[in-house]
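Worksheet: one structure, shown below.
The values are calculated or read from the model by the stated rules, or taken from the named source; none is laboratory data. Computed from a predicted structure; not experimentally measured. FYI the Cβ positions are ideal-geometry reconstructions off the backbone, even for glycines, and counts take in every protein chain you see.
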Amino acid sequence: MISTIAQIALREWKRILTRPDHCLVLLVLPPLLFFFYAYIYNKEQAEDLPIAIWDEDHSPVSRQIAFMLEQTSSIHIAAQAGSQQEMEQLMQQQKIIGAVHFPKGMETDIKSRHPVHVSIYSNAASLVPGKLVYKDASTVLITAGAGVNLQKMMKTGMPEGKAMSLIMPVKLTVYPLYNPAYNYQHYLVPGLITVTLQMMIIMVAVLLINMEWKEGTMEALCALAGNSAGAIVTGKTIAHLTVSWVNYVLITGIIFPYFGLSHPGTGPQLFLLFNLLALACIGIGLMISVLAADVMLALDTGLFYTSPAFVFSGFTFPRWGMPWYDQYYANLMPYTPFLDAFFKLYFMEIPLKYAMPEITRLLLFIGFTFFVAVFFLQIKMNKSVKHAAVTP
């Protein structure tokens with residue numbers, strides 16, 4: 001049996017290397033797409049986002065705050081606006097991503113400890129840049145306002161410590177974890193690479209069985225396997241799993257180190273998780289390929305199944321915020337538990353035992369899909385043998 005499985009795996013490897021569609025999707029496109037994704041976010045962070053200043057105060061305080069805004073990493077003052085209409089026009093023309101309005105009499109009100117209403121405008125259509133502008137602008141404004149009052153109190157002879165405790169009785173310290181620099185490349189590229197790899201594996205796997213029937217090679221394959229569906233599925237799986245190892249080496253051995261995305265010490269855990277994802281994808285593809293004899297139907301099913309994986313996985317929007325039926329659909333894809341485990345092992349760098357619930361779900365995917373694929377393939381093969389026996 002081992003010799004038979006090895007022959008089937010070798011036969012499948014030859015098919016992968018000699019069939020342009022298989023070779024292109026599994027070996028040629030992955031390195032091109034992976035490097036392309038990494039280079040898109042090579043700047044890593046959104047910096048020097050253009051904003052406008054609408055200054056009606058024209059005071060030393062407003063000029064000092066504008067200077068402090070310019071010193072932040074995410075803000076660059078690109079324009080001066082004289083009215084709200086002008087500010088909105090600049091934003092509509094996409095010349096700025098946000099704006100800050102200093103009202104008339106701001107310095108006087110701050111020094112008199114009267115309420116001051118400084119407005120921050122951000123383009124929420126660009127969600128992340130808009131939040132970065134708001135975060136840095138609000139930090140600067142709070143700091144600047146406290147600084148003015150601090151200087152005023154200290155001029156009266158009050159000690160700095162006491163003055164600070166009156167101005168800011170609560171000291172807030174923020175610790176951004178796992179991606180403290182808001183690095184686009186560090187956060188998005190691993191997700192884009194893995195979801196693309198899932199799609200490629202499934203889109204090829206949906207052709208593994210039905211193409212044999214369509215091209216008339218199934219009879220020879222059955223003879224090689226001794227009419228064992230398990231041997232066929234195992235041999236093809238081994239071939240495609242080893243192909244996925246080529247891409248794993250590409251990702252973890254070349255792309256991650258080159259772009260500084262590696263997390264030392266996570267290699268063995270990621271390799272295990274990667275193999276479980278690959279096996280789950282191969283199992284889904286084989287199941288579809290066995291159940292859908294029509295090749296185009298199988299491809300459409302695979303495309304429909306894999307396309308929304310990135311959206312429904314919770315990578316860009318939390319699943320708990322989705323409608324229940326979207327959450328249910330997300331749980332029908334192996335990428336969802338893979339991503340949850342990937343966050344734990346790759347970003348948080350915590351022990352493997354904390355990812356066991358997700359690993360168990362991936363094992364259930366693998367067990368169910370391979371069982372269905374082998375069961376129904378054996379039925380089809382037995383029918384084919386009976387039909388050949390009664391055909392003169």
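Would you call P176 under 30 Å from D340 (Cα atoms) and modelled with pLDDT of 85 or more? Before you say what the answer is, go through the steps one by one.
Values: under 30 Å from D340 (Cα atoms): yes; modelled with pLDDT of 85 or more: no.
So P176 does not fit the description; no.
The set of residues in the stretch 244-266 being free of Cβ contacts under 8 Å to residues at least 60 places away in the same chain, over 21 Å from I201 (Cβ atoms) and surrounded by 15 or more Cβ atoms within 10 Å (Cβ to Cβ) consists of S262 alone.
Residues that are modelled with pLDDT of 90 or more and either closer than 19 Å to M199 by Cβ or outside the structural domain of V233 (by TED's automatic domain parsing) (or both) number at least 3 in the following helices (runs of 4 or more DSSP H) confined to the stretch 278-392: 335-342, 356-390.
Selection within the stretch 178-188: residues that are in contact (Cβ under 8 Å) with a residue 24 or more places away in the chain and part of a loop (DSSP other than H, G, I, E, B). The member of this set that is nearest to E349 (Cα to Cα) is Y178.
Counting only helices (runs of 4 or more DSSP H) wholly contained in the stretch 1-62, the ones carrying 1 or more residues that are under 20 Å from L197 (Cβ atoms) and among the small types (G, A, S) occupy 29-40.
Just for the stretch 222-237: of the residues that are among the hydroxyl-bearing types (S, T, Y) and in a helix (DSSP H, G or I), which one is nearest to N382 (Cα to Cα)? Before the answer, list the steps.
Residues of the stretch 222-237 that are among the hydroxyl-bearing types (S, T, Y), as a first pass: 228, 234, 237.
Narrowing further to those that are in a helix (DSSP H, G or I): 234, 237.
Values: T234: 18, T237: 21 Å.
Ranking the candidates gives T234 first.
Do the conditions hold for L241, that is, is it within 29 Å of the chain's Cα centre (by Cα), buried (at least 20 other Cβ atoms within 10 Å of the Cβ), within 24 Å of I366 (Cα to Cα) and not hydroxyl-bearing (S, T, Y)?
Numbers: within 29 Å of the chain's Cα centre (by Cα): yes; buried (at least 20 other Cβ atoms within 10 Å of the Cβ): no; within 24 Å of I366 (Cα to Cα): yes; not hydroxyl-bearing (S, T, Y): yes.
No, not satisfied.
Could you tell me whether P264 is within 30 Å of N183 (Cα to Cα), more than 17 Å from the chain's Cα centre (by Cα) and in a loop (DSSP other than H, G, I, E, B)?
yes
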